[in-house]
Amino acid sequence: MTKLESLTPNIMVKDVNATLDYYTTKLGFAIIDINPESGQYEWGYVILDNVGIMFQEEKSLKTEYKEIEPLKVGGALTFYIRVKDINEYFNQLPKEVNIVKPMNKTFYGTNEFAIMDINGFILTFSETPE
């Protein structure tokens, strides 16, 4: 029987270099892979613990998938990321990070906050208290 093993979004962005810089210097991710090896990147892959995200330059991704040619960078979706010790992660974020939802306790019992990255994507970080 087929078993799905992971999900790693590949997100269309205008500037892969700036995006990788933001995710590594502001959010603590590490670069796993890039293409090409230097200069202006068309694609990059970052990871923090078990969460991986790929970023692909707009023209490159639209060349690969003609179906998305009319679409713009950004999206009507959010990324929901489970965290252990959310307060520690929240407190280490630099002031430049755009926090769009401050730390709060949700009606379903989790502690959460949300940021908007430099491309307009929302990342919600969540921890369920023990």
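The values are calculated or read from the model by the stated rules, or taken from the named source; none is laboratory data. Given the structure is predicted, the values throughout are model-derived calculations rather than measurements. For neighbour counting, all protein chains shown are included, and Cβ atoms are generated from backbone atoms with ideal geometry for every residue, glycine included.
What residue, among those in the range 1-55 that are outside any loop (DSSP other than H, G, I, E, B) and charged (D, E, K, R), is nearest to the chain's Cα centre (by Cα)?
Among those that are outside any loop (DSSP other than H, G, I, E, B) and charged (D, E, K, R), it is D21.
Please verify whether G74 is at pLDDT 95 or above, on the phi > 0 side of the Ramachandran plot, part of a loop (DSSP other than H, G, I, E, B) and not hydroxyl-bearing (S, T, Y), treating the condition exactly as stated.
In short, no.
Could you tell me which numbered condition V83 fails, if it satisfies all but one of (1) under 14 Å from F113 (Cα atoms); (2) at pLDDT below 95; (3) surrounded by fewer than 16 Cβ atoms within 10 Å (Cβ to Cβ)?
Here V83 clears every test but (3).
Could you tell me which of the residues V46, V73, V51 is surrounded by 14 or more Cβ atoms within 10 Å (Cβ to Cβ), in contact (Cβ under 8 Å) with a residue 40 or more places away in the chain and not aromatic (F, W, Y)?
Residue meeting the stated conditions: V73.
Kindly list, by first and then second residue, each pair from a residue in the range 112-130 that is farther than 21 Å from K72 by Cβ to a residue that is at pLDDT below 90 and not hydrophobic (A, V, I, L, M, F, W, C), limited to pairs with Cβ atoms under 6 Å and residues at least 6 apart or on different chains.
Short answer, once both residue conditions are applied: T124/T78.
Working only within the range 76-107, note down all residues that are of a type in the set (D, E), under 18 Å from T128 (Cβ atoms) and in contact (Cβ under 8 Å) with a residue 24 or more places away in the chain.
Selection gives D85 alone.
Could you say which residue among F113, F79, F125 is closer than 18 Å to T25 by Cβ and not in a loop (DSSP other than H, G, I, E, B)?
Going through F113, F79, F125 in turn, just one is closer than 18 Å to T25 by Cβ and not in a loop (DSSP other than H, G, I, E, B): F125.
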